[in-house]
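What follows is a single structure, written as structure tokens, with notes after it.
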Amino acid sequence: MTTAAAPKTVQGDFDALIVGAGFSGLYQLHCLRDRLGMNVRVLEAADGVGGTWYWNRYPGARCDSESHSYCFYFSDELVDEWEWSERYPQQPEVMRYLNFVADRLDLKRDIQFETRVSGTRYDEAANLWRVSTEGGEEVSARFLIAAVGCLSSANVPDIPGLESFQGEWYHTGQWPHAGVDFTGKRVGQIGTGSTGIQAAPVIAETARHLTVFQRTPNYSVPAQNKPLTAEFKEWVRQNKREIRDTTRDTPNGHPFRIAERKAFDVSDEERRRIYEEAWEVGGLRFRGSFQDLLVDKAANETAANFIKSKIREIVKDPDTAAALADIDHPYAAKRPPIDTGYFETFNRDNVDLVNIRANPIERITPKGVKTLDGEYELDIIVFATGFDAMTGSLLRMGIVGRGGQSLHDAWSAGPRTYLGLQVPGFPNLFTMTGPGSPSVLCNMPVAIEQHVEWITDCIAYMRTHDIATIEATPEATEDWVAHVNEAANSTLLPQVPHSWYLGANVPGKPRVFMPYTGGMTRYRAICDDVAAKGYAGFAFSGGAPVAVQPEGDDRFKAAERVRSPGV
Ligand code: N01
């Protein structure tokens, strides 16, 4: 699995520093250390690998991507040597997988655990990134790769009175390793996104009572999880190349294709049959029933109405059903959750729904949650309130670039990147699955493999050509931001005002549509094209003049052959 090249040392403690030991940090370490022969160190705040999976240990935490595609495909051996047990892996199984990868590739010896980065500064004179840690260390490297994840900065809402609460409270994204015992407890859960929808059915199984505080009702489709058969596992081994090719050839990086047909190509009866079948198949495949669901409002309404009718069918209490089905945004214009018994949970005697849009939370009291209409007494509050997504973890690193400009200032009006990979003014800093890349709209390992391989090739190219710095140009960044906006506006996604894709879940965060909706396939083609043109849109310095510069307005058109829309 390794093809080590002769190391070329640069001045600095390391050739490259990687922050984060999740999927992306692990693979990036393997590529830079074992393929390019670089001297690399990973800094990781946790005491083990796993990234977002390390922290998200909440009840019911499970991957929404199908297990056989939620893994690395760069190595046939890794695929052959690992077996998933269920269609969707639970958090502990993902953790076992990432530990297996780290051990199999002997990665842990170059990961410094329990090390949180507190400051990151570009030293222009030395052309080095100087990184300080909370433990007081200072390390430097020519390249800095932020592999900090896009859903890892927990968002605990600023609800008055939280400090007075006499019970326990937890955020799902910072769940205690020892677990939480809900037995006999009155639990309040705030938040009904993908996480809350996974957590509520599991919490309800042991809690004395569960109150779900819902602000925005949400769609969900049954995951239809099941154990994987021996035949399926063998099929994966035999067909790994085809599976990998499919994930690379589909806009969301999943191992299934989106139907070619449009919603109104078929009769009402046939459409209903298709949705019924997709509901039975389950999971994110439902979204692939028709190709125009995310670009045509009327088409989308057919899926939305189908799911709402299912909610009303499942939930017995008509008021609760109405509150759950009163969904105000197009289906999948926010990240579409999938579930195991979410709506059924509201048929339990020990579960209630509180509609906090109609009856807002006023404050948290010593005893529980006070809404407009009364007080809910609780022993435990669970915040399933999401993340400061895509930018939170990057900004938390205290990054300061050329001329003393902080990333915080550079992004004061919202994140601006070139390809989601680099920010002008921050030479030799690469961001992984950053804003402006498909990122959260894609099956993550597929997006990560592409980023890591592109960055590795780019650094190899720089070393071959003796180039000291790479930096996105402001012009290419402007064009890319415009392209990201244009792609988003051709879909229904930016039309949801309360979406975390827009940063709307964090008070004061600039409203900018962050992920690239053009699709992973198209994005990959654009990145390949940029590289083939000598890294067009990036400025090189300190080496032979090899860069071929961008070519006007059609820079991203080369990838038009890849069918749009991407989402
Ligand atoms: O977070 P969310 P999440 N008062 O932001 C509510 C990924 N993921 O952790 O919609 C009251 O989606 C908020 O209400 P509203 C996946 O990409 C992946 O669930 O803002 N409520 C919403 O209901 C996902 O999209 C997997 O009105 C408040 C909820 O909290 C992403 O993580 C599994 C509130 C937050 O929903 C984030 O999902 C799970 C307040 N002040 C998650 N603030 C996998 O499959 C927020 N809310 C790998």
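A residue that is open to solvent by 10 Å² or more (accessible area, probe 1.4 Å) and free of Cβ contacts under 8 Å to residues at least 24 places away in the same chain can be found somewhere in the range 456-476.
Which numbered condition in (1) open to solvent by 50 Å² or more (accessible area, probe 1.4 Å); (2) out of contact with any strand residue (DSSP E or B) (no Cβ under 8 Å at 6 or more places or on another chain) is the only one that Thr247 fails? So Thr247 meets the others, but not (1). Regarding Ala321, is this residue in contact with an Asp or Glu (Cβ under 9 Å, 6 or more places away or on another chain), surrounded by fewer than 21 Cβ atoms within 10 Å (Cβ to Cβ) and not in a loop (DSSP other than H, G, I, E, B)? Spelling it out, Ala321 is indeed in contact with an Asp or Glu (Cβ under 9 Å, 6 or more places away or on another chain), surrounded by fewer than 21 Cβ atoms within 10 Å (Cβ to Cβ) and not in a loop (DSSP other than H, G, I, E, B). For the range 10-42, filtering for residues that are aliphatic (A, V, I, L, M) and modelled with pLDDT under 95 leaves 1.
Being open to solvent by 20 Å² or more (accessible area, probe 1.4 Å) and either touching a helix residue (DSSP H, G or I) at 6+ places or on another chain (Cβ under 7 Å) or part of a helix (DSSP H, G or I) (or both): is that true of Arg261 here? Spelling it out, it is not the case that Arg261 is open to solvent by 20 Å² or more (accessible area, probe 1.4 Å) and either touching a helix residue (DSSP H, G or I) at 6+ places or on another chain (Cβ under 7 Å) or part of a helix (DSSP H, G or I) (or both). Restricted to the range 139-155, and to residues there that are at pLDDT 95 or above and of a type outside the set (Gly, Ala, Ser), the residue that is farthest from Ile381 (Cα to Cα) is Arg142. Ile111 meets the conditions (1) without any contact (Cβ under 8 Å) to a residue 60 or more places away in the chain; (2) surrounded by 14 or more Cβ atoms within 10 Å (Cβ to Cβ) in every case but one. The failed one is (1).
In the range 217-253, of all residues being within 16 Å of the ligand (Cβ to nearest atom) and not in a loop (DSSP other than H, G, I, E, B), the one that is farthest from Thr340 (Cα to Cα) corresponds to Thr247. Which one is nearest to Leu17 (Cα to Cα) among residues in the range 349-388 that are touching a Pro at 6+ places or on another chain (Cβ under 9 Å) and of a type outside the set (Val, Ile, Thr)? The qualifying residue nearest to Leu17 (Cα to Cα) is Phe383. Of all residues in the range 66-88, those satisfying the criterion of being over 18 Å from the mean Cα position of the chain (by Cα), open to solvent by 10 Å² or more (accessible area, probe 1.4 Å) and closer than 19 Å to Ser24 by Cβ are Tyr73, Phe74, Val79, Trp82. Among the residues of the range 52-90, those that are in a loop (DSSP other than H, G, I, E, B) and away from the ligand (no atom under 15 Å from the Cβ) comprise Phe72, Tyr73, Phe74, Ser75, Trp82, Glu83, Ser85. Considering the range 89-108, and only residues there that are touching a Phe, Trp or Tyr at 6+ places or on another chain (Cβ under 8 Å) and open to solvent by less than 10 Å² (accessible area, probe 1.4 Å), the residue that is farthest from Gly179 (Cα to Cα) turns out to be Val101. Of all residues in the range 147-202, those satisfying the criterion of being away from the ligand (no atom under 16 Å from the Cβ) and either aliphatic (A, V, I, L, M) or under 16 Å from the mean Cα position of the chain (by Cα) (or both) are Ala147, Ala178, Val180. Looking across the range 511-530 at every residue that is over 16 Å from the mean Cα position of the chain (by Cα) and β-branched (Val, Ile, Thr), the one that is farthest from Pro255 (Cα to Cα) is identified as Val512. Looking across the range 481-532 at every residue that is β-branched (Val, Ile, Thr) and closer than 19 Å to His408 by Cα, the one that is surrounded by the most Cβ atoms within 10 Å (Cβ to Cβ) is identified as Val512. Scanning the range 104-116 for residues that are assigned to a loop (DSSP other than H, G, I, E, B) and among the charged types (D, E, K, R) returns Asp106, Glu114, Arg116. Would you confirm whether any residue within the range 430-445 is open to solvent by less than 30 Å² (accessible area, probe 1.4 Å), among the aliphatic types (A, V, I, L, M), touching a residue at least 12 places away in the same chain (Cβ under 8 Å) and outside any loop (DSSP other than H, G, I, E, B)? Within the range 430-445, one or more residues are open to solvent by less than 30 Å² (accessible area, probe 1.4 Å), among the aliphatic types (A, V, I, L, M), touching a residue at least 12 places away in the same chain (Cβ under 8 Å) and outside any loop (DSSP other than H, G, I, E, B).
Scanning the range 402-424 for residues that are under 14 Å from Pro474 (Cα atoms), open to solvent by less than 10 Å² (accessible area, probe 1.4 Å) and assigned to a loop (DSSP other than H, G, I, E, B) returns Thr417, Leu419, Gly420, Leu421, Val423.
The values are calculated or read from the model by the stated rules, or taken from the named source; none is laboratory data. Quantities reported herein were computed from a predicted structural model and do not represent experimental measurements. All Cβ positions, glycine included, derive from the backbone under ideal geometry; neighbour counts span all protein chains shown. Areas reflect the complete protein model, heavy atoms only, side chains present, ligands, DNA and RNA absent. Shrake-Rupley method; radii C 1.70, N 1.55, O 1.52, S 1.80 Å.
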